[in-house]
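Student: Before we start, here is the structure in question, set down as structure tokens.
The values are calculated or read from the model by the stated rules, or taken from the named source; none is laboratory data. This is a predicted model, so every value here is computed, not measured. We place every Cβ from the backbone using ideal geometry, glycine too, and count neighbours over all the protein chains shown.
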Amino acid sequence: MEFCHISVLLGESIDALNIKSDGVYMDGTLGGGGHSSEIAKRLGENGRLVMFDLDETAINFAKKRLEPFNCQKTFVHNNFKNFLSVMDDEKIGGFDGIILDLGVSSYQIDTASRGFSYMQDGELNMAMDEHARLNAEIVVNEYTESALERIFRDYGEEKFAGRIAKAITTIRKTKKITTTKELAEIITNAIPARARFGAGHPAKRVFQAIRIEVNGELEGLKEGLLSMVRNGLNTGGRLAVITFHSLEDRIVKEAFNLLASDCICDKKLPVCVCHHKAEVRLVSKKPILPSPDELKNNPRSHSAKLRVLEKI
């Protein structure tokens, strides 16, 4: 299957980066190369673009897509949270802009064999890095009932987390759960009939939770964002982050607000004792949302939010 992914909030995020032709930029979530190709279009031969992704299929596709552009290009098969070691290896002093399009790509969802989709039958996997040791089959078949309940509750905000975890551990006593179809059916049957439909597919939240666990999507995200600003961005550089669910958006919002605050003391204190100074300016106080046209043409953009800051 060809790597197909429609980049969400593409124009808004590229405009927000305020790209300079000779600047140095980072795309921490390369995917199909949609954002990277638009950045590369705006860079001259002295400009540089460093691109991260855990999915080698994405990297190989993007290399071909970006061939026509003459800027300096570096592709990195790694998590963007490890950007500091790459900066050191590549002798990069700082970035003029960083973009993160968090979450899973359309290609990964639509490729049944990757095991991300509750709408298609495939082997349970959900690992963005195809060489990763942890996958969805291990989580579903080897995690304890209490661990599954915690993951479904914390990462999926699933109110029937306990019932679903119990159903999974009961079924796996007699047979291993190996496919997305099996798992989706177990989840659906564990939810009371009156609550199965209304807010999307009944397995949606649990599949999200397992995917986040498998790929460690929220682990170190806040610390990574803080480090990107403090150790990665040049003064005047911008960080643009696109989120797709409330958990990751909450983390991004908290990190941005912390960086933009002059005081982070307990509100009960009468005077400031932290002496913290704002490190960034919020380019947009509220998140930027998809336009009506984008929502119409790409339903998967529905929950997307773009937040942008500038280092001062």
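Student: I need the full set of residues from the stretch 248-302 which are more than 24 Å from A16 (Cβ to Cβ) and among the aliphatic types (A, V, I, L, M), in order please.
Tutor: I264, L269, V271, V273
Student: Okay, next question. Here are D293, D249: which of them is outside the structural domain of I164 (by TED's automatic domain parsing), outside any loop (DSSP other than H, G, I, E, B), among the charged types (D, E, K, R) and over 19 Å from the mean Cα position of the chain (by Cα)?
Tutor: That would be D293, the only listed residue that is outside the structural domain of I164 (by TED's automatic domain parsing), outside any loop (DSSP other than H, G, I, E, B), among the charged types (D, E, K, R) and over 19 Å from the mean Cα position of the chain (by Cα).
Student: Out of all the residues in the stretch 265-274, is one or more surrounded by fewer than 15 Cβ atoms within 10 Å (Cβ to Cβ), farther than 30 Å from S117 by Cα and in contact with a His (Cβ under 9 Å, 6 or more places away or on another chain)?
Tutor: Yes, that holds for at least one residue.
Student: Let me ask you something else. Kindly list the number of the only condition in (1) among the small types (G, A, S); (2) in a loop (DSSP other than H, G, I, E, B); (3) in contact with an Asp or Glu (Cβ under 6 Å, 6 or more places away or on another chain) that fails for G200.
Tutor: (3) is the only condition that G200 fails.
Student: Another question about this same structure. Condition first: touching a residue at least 24 places away in the same chain (Cβ under 8 Å) and either over 15 Å from L259 (Cβ atoms) or in a strand (DSSP E or B) (or both). Now tell me which residues in the stretch 217-240 satisfy that.
Tutor: Scanning the stretch 217-240 gives E217, L218, G220, L233, N234, T235, G236, G237, R238, L239, A240.
Student: Could I ask something else about it? Is the stretch 153-166 home to any residue that is at pLDDT 95 or above, more than 22 Å from the chain's Cα centre (by Cα) and among the β-branched types (V, I, T)?
Tutor: Yes, some residue in the stretch 153-166 is at pLDDT 95 or above, more than 22 Å from the chain's Cα centre (by Cα) and among the β-branched types (V, I, T).
Student: Got a sec? Which strands (runs of 3 or more DSSP E) wholly within the stretch 44-151 have at least 1 residues that are under 19 Å from E248 (Cβ atoms) and under 17 Å from the mean Cα position of the chain (by Cα)?
Tutor: Fully inside the stretch 44-151 and qualifying: 48-53, 95-101.
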